[in-house]
Each structure stands twice: as structure tokens, then as C-alpha cells.
Amino acid sequence: MPETPRSAAGLRYPATQRNRDPILAVLARVLPRAGVVLEIASGSGEHAAYFATHLPGIAWQPSDREPALLSSIVAHAAASGAANILPPALLDAGSADWPIARADAMVAINMIHVAPWGDCLALLRGGARTLPARAPLFLYGPFKRAGRHTAASNEAFDRSLRAQDARWGVRDLDEIAEAAEIDGLYLDEAVEMPANNLGVVFRRRG
């Protein structure tokens with residue numbers, strides 16, 4: 001993976017600046033007005049800081065599986081001045097043992113294509129365990145539809161991911177939805193986003 005620039009406020013990912021506003025527009029519509037939102041694989045913490053600032057009624061719970069990233073999440077939270085960002089949790093989505101037992105919504109941005117398929121399945125199971133009825137699980141990133149890439153750029157991206165790690169790759173939304181149904185989640189909507197990405201909303205059945 002390419003090196004990521006670091007500033008006094010923590011790591012910075014260029015893609016965050018490009019996608020945060022389109023994602024925020026969807027989150028502002030589908031997330032509850034209050035409660036705890038668990039973000040899986042928060043990475044640098046830039047999204048957590050930005051979304052919490054713009055959604056002040058929500059308590060934002062960032063998390064990541066990499067201990068080294070927690071300091072970056074803390075730095076961005078502090079720099080944002082937002083009082084509604086909880087201390088980051090060390091959480092491996094692929095594990096059955098999560099340190100967070102309940103949340104009112106879940107968000108995972110650009111995660112499942114840089115993780116094994118088993119981690120995607122574990123994320124769905126975790127959502128079913130953690131969320132109340134009708135609560136949203138929001139996923140963002142590139143997806144296949146009906147087994148096909150939606151753009152040539154996504155197909156090239158998929159090849160580059162698999163060259164880095166054979167367990168990675170752009171996932172098929174139909175396969176995810178089928179797996180989600182087994183865990184009691186259903187696909188509520190898929191929103192077209194810039195750069196051939198989707199914002200996908202699953203909800204837990206009541």
C-alpha cells in the first residue's frame with residue numbers, strides 16, 4: 001500500500017476529502033437523529049471527525065483493528081473540537097468478540113474490498129448482533145452488480161486489489177445481500193455515488 005501522509009492532526013487519506021460530503025448527505029438522511037453510531041474500520045479517523053462535527057446529535061464510536069491507527073483517530077477527534085466522538089475502540093470486525101455490545105447504527109466505509117470475504121460475513125453477523133430492529137448498517141465503496149463490474153475503473157481496481165492480496169477484491173452486492181438475509185438483515189437501498197461507488201443501506205429485521 002502507498003505511504004499515507006501524516007500531519008500533526010494524524011494520518012490523512014486523500015480520498016476522504018473527495019467522498020466525505022456525498023457520504024454525509026446519505027448518512028444525514030438514514031442515520032438516527034440521536035444514539036450511538038459504531039464506525040467499523042475508522043482508519044485515520046478523518047471521517048469520524050467530519051461526520052461527528054456535522055451530526056452533533058449522534059455519539060460517534062470510531063473503531064479499528066489496528067492499534068497503531070487509534071492515535072490518529074484521537075488526533076483528528078481532538079483537532080475537530082467535536083464533543084460527540086467517543087474514545088476509539090480496538091475492534092476486529094472479523095472476530096466474533098466485539099468490545100461494543102450495542103449501537104443504534106453502523107457504518108463501514110471502504111472496508112470490505114480490502115478484507116477477506118469472511119470479514120464481510122462477520123461484519124454482517126456483527127450488525128445483526130449489535131443493532132436494534134430497523135437500524136441501519138451503511139456500507140460505502142465499489143461493488144459489482146449481478147456479478148459484473150459497474151465500470152472499467154472498478155474492474156481495474158479489483159485486479160490491483162487482488163494483486164496485493166488474493167483475499168481482497170470488489171464484492172458483489174447481490175452476494176452480500178443474500179448473506180445478509182441469513183443474518184436477519186435486508187437491503188433497503190443502494191445509492192449511486194461519485195467515482196462509481198455505492199452507498200448501501202442494510203437494515204436489521206424486526
Can you tell me how many residues within region 55-69 are crowded, with 19+ Cβ neighbours inside 10 Å and closer than 27 Å to Ala122 by Cα?
7
Only one residue in Leu70, Leu86 is farther than 24 Å from Val200 by Cα, in contact (Cβ under 8 Å) with a residue 24 or more places away in the chain and not charged (D, E, K, R). Which one?
Leu86
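If the requirement is being at pLDDT 95 or above, hydrophobic (A, V, I, L, M, F, W, C) and at positive phi, which of these qualifies: Ala41, Ala78?
Numbers: Ala78 fails: at positive phi.
Criteria check complete, one pass: Ala41.
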Looking at region 162-184 only, could you name the residues that are aliphatic (A, V, I, L, M) and touching a helix residue (DSSP H, G or I) at 6+ places or on another chain (Cβ under 6 Å)?
Val170, Ala179, Ala180
Inspect all residues belonging to region 97-111 and state whether any of them is more than 19 Å from Ile58 (Cα to Cα), without any contact (Cβ under 8 Å) to a residue 40 or more places away in the chain and surrounded by fewer than 16 Cβ atoms within 10 Å (Cβ to Cβ).
yes
With region 20-109 as the region, which strands (runs of 3 or more DSSP E) entirely inside it contain at least 1 residues that are over 14 Å from the mean Cα position of the chain (by Cα) and aliphatic (A, V, I, L, M)?
35-40, 58-61
Would a scan of region 73-85 turn up a residue that is touching a Ser or Thr at 6+ places or on another chain (Cβ under 9 Å) and among the polar types (S, T, N, Q)?
yes
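The values are calculated or read from the model by the stated rules, or taken from the named source; none is laboratory data. Keep in mind that this is a model prediction, so the values were computed, not measured. Note that we place each Cβ from the backbone using ideal geometry, even for glycine, and neighbour counts take in every protein chain shown.
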